[in-house]
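All remarks here apply to the structure that follows.
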Amino acid sequence: FTLPILFGSLLQQLYNTADTIIVGHFVSEDALSAVGTTSSFIFFVMAIAMGFSAGNGVLVAQYYGAKNEAEVRKSSSTGIIMLLFMGLIISVISFFIARPAYTYFVAVPNSILELTIRYFQIYSFGIIFQYGYNIFSYILRAIGDSAATLYFLLIASVLNIFLDLFFVIVLKMGVDGVAIATDISQAISFVCAYLYMVKKYPIFRFKFNEFVC
């Protein structure tokens, strides 16, 4: 049960790592430095998602163990709304704060400043999918299914590497390409986790008016 959780956490960090390696090898040292510079902010954003999702998962697990279906549905829907809303807000904030943050707070060198800002701003569009994936994965873990979302994340991570290579080598898109590839991969893991959850577990088949805060 624990090993898929550990590997899942590592795979979520693989997105940025793969982006860094590929642009460093096929684009330039400046591109490598630009993408690598964003890793601390990306880890911070991901830690928030994992923390809130884990907290919600504790509640879901308690109610699931007590066989209280009504509260499982209520706490799950609350967690989904909360994480998607947080993901949307943080996506917007990340996009607009990128320039002042990397210009003044981190003081990125001028030689890589624009590349760093562009990568992080494009990456920020996928944050909502990252948050959505995390809440779905922690809900599934709460009911004892820790492996399924790992498989989806593994597929998305491999897809991210192939898309990175395609956008960088074939389309010559540089840091923009690897950021777009990451957003697409995160969106796919989000959709797969949601479809799996609602298809395999009828308890999570919510109607729109059943979502509660």
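The values are calculated or read from the model by the stated rules, or taken from the named source; none is laboratory data. Here the structure is a predicted model, which means the values were calculated and not measured. We place every Cβ from the backbone using ideal geometry, glycine too, and count neighbours over all the protein chains shown. Only protein heavy atoms, including side chains, enter the accessible area calculation; ligands, DNA and RNA are left aside. Shrake-Rupley method; radii C 1.70, N 1.55, O 1.52, S 1.80 Å.
Pull out a ≥ b ≥ c, the square roots of the eigenvalues of the alpha-carbon gyration tensor of the chain, then state rounded if a/c is under 1.5, prolate if not and a/b is larger than b/c, and oblate in the remaining case. Since a/c reaches 1.5 and a/b is larger than b/c, the shape of the chain is classed as prolate. Based on protein heavy atoms only, the chain ends up with 49 Å² per residue of surface accessible to a 1.4 Å probe. For the chain, what % of the accessible area comes from carbon and sulfur atoms, probe 1.4 Å? About 72 percent, which is the carbon plus sulfur part of the accessible surface. Label reach from Y201 (point 7 Å along Cα→C-beta): in segment 145-183, amide nitrogens under 14 Å belong to 145-150.
Can you give me the span-like helices of the chain, meaning DSSP H runs with 24 Å or more of Cα extent along the axis and Kyte-Doolittle mean at or above -0.5? Let's see the in-between values first.
Numbers: long enough: 2-26 (36 Å, 0.81); 39-65 (37 Å, 1.26); 69-100 (46 Å, 1.11); 148-165 (26 Å, 1.97); 174-200 (39 Å, 0.91).
For the chain, where a helix must reach 24 Å along its axis and average at least -0.5, the hits are 2-26, 39-65, 69-100, 148-165, 174-200.
Anyone know which of L163, L195, L140 comes out most mobile in the 10 Å Cα GNM of the chain? Looking only at L163, L195, L140, the biggest GNM fluctuation is shown by L195. Of all the options A193, A34, A70, the one that moves most in a Gaussian network model of the chain with Cα springs shorter than 10 angstrom is A70.
Placing a pseudo-label 7 Å from each Cα along the Cα-to-Cβ vector at S39 and I93 gives an inter-label distance of 2.4 nm. For K67, the aspartates and glutamates whose Cα falls under 18 Å of its own Cα, not counting residues fewer than eight places away in the same chain, are D145. Our summary gives the chain a relative contact order of 31 percent, counting only alpha carbon pairs under 8 angstrom and 6 or more residues apart.
The stretch between F162 and A147 holds 3.1 nm of extra length on full extension. This uses 0.36 nm per residue minus the Cα-Cα distance. When peptides 43-52, 125-134, 98-107 are ranked by their average number of other Cβ atoms within 10 Å per residue, the highest-first order is 125-134, 43-52, 98-107.
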